[in-house]
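Scroll down for the structure; my scribbles are underneath it.
The values are calculated or read from the model by the stated rules, or taken from the named source; none is laboratory data. Just so it is clear, the model here is predicted, and its values are computed rather than measured. In this analysis, Cβ positions are derived from the backbone assuming ideal geometry, glycine residues included, and neighbour counts consider all displayed protein chains. What goes into the accessible areas is simple: the full protein's heavy atoms, side chains included, and nothing from ligands, DNA or RNA. Shrake-Rupley method; radii C 1.70, N 1.55, O 1.52, S 1.80 Å.
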Amino acid sequence: ANPWTRIVNADVFNAVYEVDQSPIGKTSRSCPATYAGIMDHIRKLFAQVPLARTRGYEPGRFSFNTEGGRCEACQGNGEIKVEMNFLPTTRVHCEVCHGLRFNAATLEIDYNGKNIGEVLKMSITEAADFFQSLPRIAGPLKLLADTGVGYLQLGQASPTLSGGEAQRLKMVTGLSAGQGRTATEKLRGMKNAKRNLYLIEEPTIGLHMADVARLIDVLHRLVDEGHTVVVIEHHPDVFAEADYLIDIGPEAGKDGGRIVASGTPEQVARHKSSHTAPFLRAVL
């Protein structure tokens with residue numbers, strides 16, 4: 001049986017996203033550039049370079065997933081998997097493309113002095129500066145850098161990302177989608193805007209204090225874009241920033257699970273029996 005009797009106002013949401021720490025991709029062909037949705041823009045940009053147009057290169061030429069432009073020795077992975085007896089499988093740099101993932105003809109196409117392989121080797125922070133004149137590419141990259149993952153490479157394989165890194169990539173992807181609204185939609189009170197519900201699980205795990213502050217800024221931006229954000233969190237700096245707080249307890253396990261206090265952080269901080277209240281008062 002369902003644990004609820006009715007759901008009210010669910011129709012205001014376009015979609016519901018669970019932003020947990022599960023991987024964003026299980027194959028080496030998934031990377032921050034593809035997940036954030038900027039790879040298509042980068043491929044189209046390289047296809048517009050005069051030399052590329054002269055040669056008749058389409059955007060697909062600059063995909064490491066398809067034949068034609070990629071290095072066939074490593075099939076666009078930049079690495080070659082080596083199976084060894086009695087030892088774990090290992091990966092070595094491709095000696096043909098030197099880890100750049102594309103064939104020599106494709107790598108001859110330069111945009112502002114960089115070929116497509118070199119662009120994918122850039123960190124997110126470097127790429128945000130490199131593409132600063134192109135908001136569709138630079139915008140999501142700057143948001144990612146703001147959340148503290150600017151050190152990741154654009155073409156880094158998704159399975160190598162930590163749970164927290166994957167989680168922040170999911171949040172920024174959602175935030176980028178929210179920023180796609182037109183100015184007219186914003187002026188009309190977002191009546192036509194697509195609003196989402198985000199369920200975020202323990203986003204501060206493994207984060208430095210400076211990154212927690214950056215994360216809080218991203219959460220505020222999601223709300224400012226008209227989305228609803230529900231965060232399960234134990235970090236006082238995060239739940240002190242909430243618009244509405246639900247303190248569940250009073251203890252853990254079988255002795256918990258009940259609503260102890262609810263309201264604004266200031267209201268919960270004044271609660272007499274809440275174990276959260278003293279920590280909340282210290283932050284406020």
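Quick notes on this structure:
- Condition broken by Leu154, with the remaining ones in (1) open to solvent by less than 10 Å² (accessible area, probe 1.4 Å); (2) modelled with pLDDT under 90; (3) in contact with a helix residue (DSSP H, G or I) (Cβ under 7 Å, 6 or more places away or on another chain) satisfied: (2)
- Hits in segment 217-243 - residues which are in contact with a helix residue (DSSP H, G or I) (Cβ under 9 Å, 6 or more places away or on another chain), at pLDDT 90 or above and not acidic (Asp, Glu): Thr228, Val229, Val231, His235, Pro236, Val238, Phe239, Ala240, Ala242
- So Lys170, is it open to solvent by 20 Å² or more (accessible area, probe 1.4 Å), part of a helix (DSSP H, G or I) and either more than 15 Å from Lys142 (Cα to Cα) or at pLDDT 80 or above (or both): yes
- Qualifying residue in segment 193-212 (condition: modelled with pLDDT under 90, closer than 25 Å to Ile42 by Cβ and in contact with a Lys or Arg (Cβ under 6 Å, 6 or more places away or on another chain)): no
- Filter pass, Ile116 being modelled with pLDDT of 95 or more and either within 30 Å of Asp146 (Cβ to Cβ) or of a type in the set (D, E, K, R) (or both): yes
- Of residues in segment 260-280 being open to solvent by 10 Å² or more (accessible area, probe 1.4 Å) and among the polar types (S, T, N, Q), the one farthest from the chain's Cα centre (by Cα): Ser273
- Residue check, Phe102 of a type outside the set (A, V, I, L, M), open to solvent by less than 20 Å² (accessible area, probe 1.4 Å), touching a helix residue (DSSP H, G or I) at 6+ places or on another chain (Cβ under 9 Å) and more than 19 Å from Gly68 (Cα to Cα): no
- The residues on offer are Val172, Val149, and the sole one that is among the β-branched types (Val, Ile, Thr) and out of contact with any Leu (no Cβ under 6 Å at 6 or more places or on another chain) is Val149.
- Residue in segment 34-42 that is farther than 30 Å from Arg168 by Cα and at pLDDT 95 or above present: no
- Given (1) closer than 28 Å to Ser162 by Cβ; (2) free of Cβ contacts under 8 Å to residues at least 24 places away in the same chain, index of the condition Asp211 fails: (2)
- Across segment 10-60, the number of residues qualifying as open to solvent by 50 Å² or more (accessible area, probe 1.4 Å), among the hydroxyl-bearing types (Ser, Thr, Tyr) and within 18 Å of the chain's Cα centre (by Cα) comes to 4.
- Note on segment 192-238: residues that are assigned to a loop (DSSP other than H, G, I, E, B) and open to solvent by 60 Å² or more (accessible area, probe 1.4 Å) amount to 7.
- Any hit, segment 128-138, residues being in contact with an Asp or Glu (Cβ under 9 Å, 6 or more places away or on another chain), open to solvent by 70 Å² or more (accessible area, probe 1.4 Å), under 21 Å from Phe62 (Cα atoms) and touching a residue at least 12 places away in the same chain (Cβ under 8 Å): no
- Among residues of segment 32-59 that are in contact (Cβ under 8 Å) with a residue 24 or more places away in the chain and under 17 Å from Phe131 (Cβ atoms), those with a beta-carbon under 6 Å from a residue that is open to solvent by 50 Å² or more (accessible area, probe 1.4 Å) and not in a loop (DSSP other than H, G, I, E, B) at least six positions away or on a different chain give the pairs His41/Arg136.
- Output for segment 139-151, where each listed residue is touching a Ser or Thr at 6+ places or on another chain (Cβ under 6 Å) and surrounded by fewer than 21 Cβ atoms within 10 Å (Cβ to Cβ): Gly150, Tyr151
- Residue identified as in contact with a His (Cβ under 7 Å, 6 or more places away or on another chain), within 19 Å of Thr160 (Cβ to Cβ) and charged (D, E, K, R) among Glu79, Glu126: Glu79
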